[in-house]
Amino acid sequence: MKKLLLGIAAMLATASAHAAIIPTLVGDPTDAGDGTFLYTYRATLASDAAALEGSYFTLYDVAGFDRVGTVPANFQVSTQLLGITPAPVLPTDDAALTNITFTYSGPDLNFDGPFSERDLGLFEIYSTIGVFGFGDFTAETVRNQGPTRGTLLANIGVNAVAIPGDGAGSFIPEPEAWAMMVFGFGLVGAGMRRRNRTPVVAV
């Protein structure tokens, strides 16, 4: 329960402040029919961020990682047990579980406008586990406007990832956890309407 509350707090902080890249799980993982489950994430570039060559986001501690599926053009994928992490943030990172980093290698994106959120596309991950819960993500881009334009912008938040389990189904919170999630998501929605706040982490 404590981890759930911390997760909601982290999501609220990320959504109510400026951020870099925010990945979110689209629907539930689906059975791929080959002993794996497909997790599909949509990544969004924040309105105050620009993706330059080398900008990235990392999903931490993906249990049962099997392979990466389709990713948008101009993104490369790497896997590692620790990192890749922006210097100013400190995610939970289990050295026994795989991290997946998606690194941008295309032309400058959103540096000269329009200064609005940009959909970066869908990112697919396959896991041998269909049970999901909360795990950290981080991202690093640069600011696209203001007196600190071009400086590094990093964020940290919580998302759904595969967690150790038997693969028989999805993580189902306790009733009180559902109540907290509904409350937390309501606060996230309210926070997103007031986006012009101090960045989560910036260097």
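Annotations
- Proximal charge balance of residue 67 [Cβ under 11 Å; K/R count +1, D/E count -1]: -3
- Per-residue 3J(HN,Hα) values for region 25-36, derived from phi via the Karplus relation 6.51 cos²θ - 1.76 cosθ + 1.60 with θ = phi - 60°, read 5, 9, x, 8, x, 10, 5, 7, x, 10, x, 10 Hz in sequence order (x marks Gly and Pro).
- Sites residue 82 and residue 148 - FRET efficiency at Förster radius 30 Å, r taken between beta-carbons, to 0.05: 0.55
- Each peptide in 42-53, 90-101 gets a packing score, the mean of other Cβ atoms within 10 Å over its residues, and the list from highest to lowest is 42-53, 90-101.
- For residue 150, the amide hydrogen comes within under 5 Å of the amide hydrogens of 143, 144, 145, counting only partners 5 or more places away or on other chains and with H modelled in the peptide plane.
- Long-range amide H partners of residue 48 with built H, under 5 Å: 19
- Scalar couplings 3J(HN,Hα) for region 150-157, obtained by applying the Karplus form with A = 6.51, B = -1.76, C = 1.60 to θ = phi - 60°, are x, 7, 4, 10, 10, 9, 9, x Hz; x denotes Gly and Pro.
- Taken one residue at a time, the phi angles of region 92-109 give Karplus couplings (6.51, -1.76, 1.60, θ = phi - 60°) of 6, 9, 7, 5, 9, 10, 6, 9, 10, 10, 10, 10, 7, 9, x, x, 3, 10 Hz. Gly and Pro are set to x.
Every number here is computed from the coordinates shown, using simple stated rules; none is lab data. All values reported here derive from a predicted model rather than from experimental measurement. No Cβ is skipped: glycine too gets one built from the backbone with ideal geometry, and neighbour counts run over all protein chains shown.
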